[in-house]
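Chemist: Below you'll find the structure I mean.
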Amino acid sequence: MVDTILAADGLCKHYYLGGQKIDIINDVSLAIGKGEFVVIAGNSGSGKTTLLSILAGLDLPSSGRITIAGRDITGLTEDQLAPLRNGLTGFVFQAFHLIPSLNALENIMFPAEIKKDPQAREKAEKLLDQVGLLPRRKNFPEQLSGGEQQRVAICRALINRPEIIFADEPTGNLDSSNSEGIIRLLLDLHDDRRTTLVIATHSQALASRADREIRLHDGRITDDNRVKL
Ligand SMILES: Nc1ncnc2c1ncn2[C@@H]1O[C@H](COP(=O)(O)OP(=O)(O)OP(=O)(O)O)[C@@H](O)[C@H]1O
Ligand SMILES: [Mg+2]
């Protein structure tokens, strides 16, 4: 039995729109083992992004609890979450924009510099090279295409070698060859470092490589199959 690194218990999320309660996530409980590669699948609107944001501690559930590496993160303040975010977890979310005043290399180095990592530059250059963007290292975000910005954001999420990576459609804006590059980068981390991957995606190419696919429908888990383990 693998150690559980991420657990959710009875998660619910609802919104009120025009006085009407809308249930988005309905009683979701799950346990993800250290080193697992989990894909969250489901139709558009099924609640993937919402669930991922809650699991990653970026959004609060209406009820339920989340434990990461044995720590109950439910109700932690932003200040209490900050060290967790800069070490244990990494995120690739579309809403997480790059810093406009920093170039590609500096954006990637930033989380490592906060941790005073003397190898920040070296690690950032290696990551840029792995996603084929070393020649663009001095470009500022507005001088990069959408897909290039996405690849820089992925490198930034990886630089501190987090134990868990949460990603929302990490290959969403990319052509097949760049998608393949990102999939390789994530799989290498998974294989070499036992990095836990929790990825919401419509991509069959990604899902077919996962250990496990959790399928959502109307905010409920309808399938949870461990493909490989
Ligand atoms: N702030 C909000 N207020 C009200 N409803 C919301 C809000 N955010 C999301 N929703 C609704 O929650 C549902 C789930 O949204 P979510 O973004 O999690 O879906 P998804 O599975 O990620 O879809 P996609 O595949 O299109 O990205 C949708 O029906 C959406 O309209
Ligand atoms: Mg989504």
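The values are calculated or read from the model by the stated rules, or taken from the named source; none is laboratory data. Quick caveat: nothing in here was measured; it's all calculated off a predicted structure. Please note: Cβ atoms are built from the backbone with ideal geometry, for glycine as well, and neighbour counts cover all protein chains shown.
Chemist: Taking region 117-136 only, how many residues are part of a helix (DSSP H, G or I) and small (Gly, Ala, Ser)?
Modeler: Filtering region 117-136 down to residues part of a helix (DSSP H, G or I) leaves 120-130, 134-136.
Filter once more, so that each one left must be small (Gly, Ala, Ser): 120, 124.
Within region 117-136, residues that are part of a helix (DSSP H, G or I) and small (Gly, Ala, Ser) number 2.
Chemist: Look through Arg85, Arg71, Arg65 and report the one residue that is more than 16 Å from ligand 2 (Cβ to nearest atom) and under 20 Å from Ile214 (Cα atoms).
Modeler: Working: Arg85 fails: under 20 Å from Ile214 (Cα atoms); Arg71 fails: under 20 Å from Ile214 (Cα atoms).
After applying the criteria, what remains is Arg65.
Per-residue answers, yes or no, for (1) away from ligand 2 (no atom under 16 Å from the Cβ); (2) within 30 Å of Thr67 (Cβ to Cβ):
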residue	(1), (2)
Val92	no, yes
His97	yes, yes
Ala104	yes, no
Glu122	yes, no
Lys138	yes, no
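Chemist: Could you list, in sequence order, the residues of region 2-41 that are free of Cβ contacts under 8 Å to residues at least 40 places away in the same chain and at positive phi?
Modeler: Gly18, Gly19 - these are the residues of region 2-41 that are free of Cβ contacts under 8 Å to residues at least 40 places away in the same chain and at positive phi.
Chemist: Then there's this: Please verify whether Ile108 is within 16 Å of ligand 1 (Cβ to nearest atom), surrounded by 21 or more Cβ atoms within 10 Å (Cβ to Cβ) and closer than 30 Å to Glu148 by Cβ, treating the condition exactly as stated. Steps first, answer last, please.
Modeler: Values: within 16 Å of ligand 1 (Cβ to nearest atom): no; surrounded by 21 or more Cβ atoms within 10 Å (Cβ to Cβ): yes; closer than 30 Å to Glu148 by Cβ: yes.
No.
Chemist: Quick one: Ala69 ticks every box in (1) under 20 Å from Asn160 (Cβ atoms); (2) crowded, with 18+ Cβ neighbours inside 10 Å; (3) at pLDDT below 95 bar one, so which box is it?
Modeler: Every condition holds for Ala69 apart from (2).
Chemist: Right, next: Pairs, please: C-beta under 7 Å, at least 6 apart or cross-chain, first residue under 18 Å from Thr201 (Cα atoms) and touching a residue at least 24 places away in the same chain (Cβ under 8 Å) and in region 141-168, second within 16 Å of ligand 1 (Cβ to nearest atom) and part of a helix (DSSP H, G or I)?
Modeler: Qualifying pairs under 7 Å: Phe166/Leu52; Phe166/Leu55; Asp168/Thr49; Asp168/Leu52.
Chemist: May I ask you to say which residue of Ser53, Ser46 is in a loop (DSSP other than H, G, I, E, B), surrounded by 17 or more Cβ atoms within 10 Å (Cβ to Cβ) and within 12 Å of ligand 1 (Cβ to nearest atom)?
Modeler: Numbers: Ser53 fails: in a loop (DSSP other than H, G, I, E, B).
Criteria check complete, one pass: Ser46.
Chemist: Tell me whether region 214-228 contains one or more residues that are of a type in the set (Gly, Ala, Ser), under 21 Å from Ile32 (Cα atoms) and assigned to a helix (DSSP H, G or I). Break it down stepwise before answering.
Modeler: We begin by selecting, within region 214-228, every residue of a type in the set (Gly, Ala, Ser); these are 219.
Checking which are under 21 Å from Ile32 (Cα atoms) leaves us with 219.
From what's left, assigned to a helix (DSSP H, G or I): none.
No, region 214-228 contains no residue that is of a type in the set (Gly, Ala, Ser), under 21 Å from Ile32 (Cα atoms) and assigned to a helix (DSSP H, G or I).
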